[in-house]
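Undergrad: Okay, handing you the structure first.
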Amino acid sequence: EADSNDDESLRRFLRETHVVASLNHPNIVAIHDTGAHKGVPYAVTELLQGETLAERMRGGPIAEKRATEIACQVADGLAAAHARGVVHRDVKPENIFLTNDGRAKILDFGIARIERPNTGASLLGLGPSSSRSMSGTSGNVLVGTAGYISPEQIRGKRADGRSDVFSLGAVFFEMLTGRQTFLRETAVDTLGAVLRDDPRKYPEVEKIPEKLRPYIFR
């Protein structure tokens, strides 16, 4: 449900429902219906039973086979979104849901970048009250989550599908090692680590099977 008295909340809600409803993929949460009750808009999504990837990883790293299955399913969902001109821009464990039947579902397209056909223009999620939006310099706003946001997003450049792939790589690394790839003491330090650090040099790399390293670090 969106807060009808908050224009920004309502704008984000309408944008997200429009985006998700236009996508039809088994690895993206489905919206079945939208409407309004007493002036309050709502969306009816599929019922998901299970837990988020973030909740699952509280128990430690994920086994190689299962981590690879999750990464592949998320990649399939992102590919479908990208084919429709949608860039998620906030791929992280909290936005990946693991259903009880073993399927990974991408959640929360509230700050997605949506290419309008034939124009290249986009809708931007810039919710100032969201913990995922961080003020930048020169009036720019960084949209995403520190530790998963791509370097080009930090630099204020245009995000495309490759930005989501970068974030998925960070998630895949975390699933196998139990280490949040770029997490540091402060958000500023974390953003700096994304720009500066090379995870291939982390000691945790030893936990990643040789055959998977090229995919993660690509």
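The values are calculated or read from the model by the stated rules, or taken from the named source; none is laboratory data. As the structure is a prediction and not an experimental result, all values here were calculated from the model. Neighbour counts are summed over all protein chains in view; Cβ atoms, including those assigned to glycine, are modelled from backbone coordinates with ideal geometry. Only protein heavy atoms, including side chains, enter the accessible area calculation; ligands, DNA and RNA are left aside. Shrake-Rupley method; radii C 1.70, N 1.55, O 1.52, S 1.80 Å.
Undergrad: What pairs can you find where one residue is in the stretch 98-124 and assigned to a loop (DSSP other than H, G, I, E, B), the other is open to solvent by 90 Å² or more (accessible area, probe 1.4 Å) and modelled with pLDDT of 95 or more, and their Cβ atoms are less than 7 Å apart, with a gap of 6+ or different chains?
TA: Hits for this filter: ASN100/GLN49.
Undergrad: Would you tally the residues in the stretch 101-121 being at pLDDT 70 or above, among the aliphatic types (A, V, I, L, M) and more than 10 Å from the chain's Cα centre (by Cα)?
TA: Adding up the residues that qualify gives 2.
Undergrad: Can we say ALA75 is aliphatic (A, V, I, L, M), open to solvent by 30 Å² or more (accessible area, probe 1.4 Å) and either without any contact (Cβ under 8 Å) to a residue 40 or more places away in the chain or assigned to a loop (DSSP other than H, G, I, E, B) (or both)?
TA: no
Undergrad: Now a separate question. Could you say whether any residue in the stretch 69-85 is over 30 Å from PRO209 (Cβ atoms) and modelled with pLDDT under 90?
TA: Yes, the conditions are met somewhere in the stretch 69-85.
Undergrad: Next up: Restricting to the stretch 86-100, and then to whatever is open to solvent by 10 Å² or more (accessible area, probe 1.4 Å) and at pLDDT 95 or above, can you tell me which residue is nearest to PHE172 (Cα to Cα)?
TA: Out of the qualifying residues, it is LYS92.
Undergrad: THR34 passes all but one of (1) under 23 Å from GLU115 (Cα atoms); (2) within 19 Å of the chain's Cα centre (by Cα); which number fails?
TA: (2)
Undergrad: Something else about it: For the stretch 166-178, give me each residue that is assigned to a helix (DSSP H, G or I) and open to solvent by less than 60 Å² (accessible area, probe 1.4 Å).
TA: Answer for the stretch 166-178, where residues must be assigned to a helix (DSSP H, G or I) and open to solvent by less than 60 Å² (accessible area, probe 1.4 Å): SER167, LEU168, GLY169, ALA170, VAL171, PHE172, PHE173, GLU174, MET175, LEU176, THR177.
Undergrad: Only one residue in ALA81, ALA54 is of a type outside the set (Val, Ile, Thr), more than 22 Å from LYS207 (Cβ to Cβ) and part of a helix (DSSP H, G or I). Which one?
TA: Going through ALA81, ALA54 in turn, the sole match is ALA81.
Undergrad: Which of the residues belonging to the stretch 6-29 are among the charged types (D, E, K, R) and buried (at least 18 other Cβ atoms within 10 Å of the Cβ)?
TA: Scanning the stretch 6-29 gives ARG12, ARG15, GLU16.
Undergrad: Could I ask something else about it? Hey, could you check the stretch 179-217 for residues that are assigned to a loop (DSSP other than H, G, I, E, B) and among the basic types (Lys, Arg) and say which is nearest to VAL165 (Cα to Cα)?
TA: Across the stretch 179-217, the extreme among qualifying residues is ARG179.
Undergrad: Check the stretch 185-208 and report whether any residue there is touching a Leu at 6+ places or on another chain (Cβ under 9 Å) and closer than 18 Å to GLY77 by Cβ.
TA: Taking every residue of the stretch 185-208 in turn, none turns out to be touching a Leu at 6+ places or on another chain (Cβ under 9 Å) and closer than 18 Å to GLY77 by Cβ.
Undergrad: In addition: Determine whether the stretch 142-165 contains at least one residue that is outside any loop (DSSP other than H, G, I, E, B), over 18 Å from VAL87 (Cβ atoms) and either of a type outside the set (D, E, K, R) or at pLDDT below 90 (or both).
TA: No, because not a single residue in the stretch 142-165 is outside any loop (DSSP other than H, G, I, E, B), over 18 Å from VAL87 (Cβ atoms) and either of a type outside the set (D, E, K, R) or at pLDDT below 90 (or both).
Undergrad: Considering each residue of the stretch 30-51, count those that are closer than 30 Å to ARG179 by Cα, open to solvent by less than 60 Å² (accessible area, probe 1.4 Å) and outside any loop (DSSP other than H, G, I, E, B), and give that number.
TA: 1
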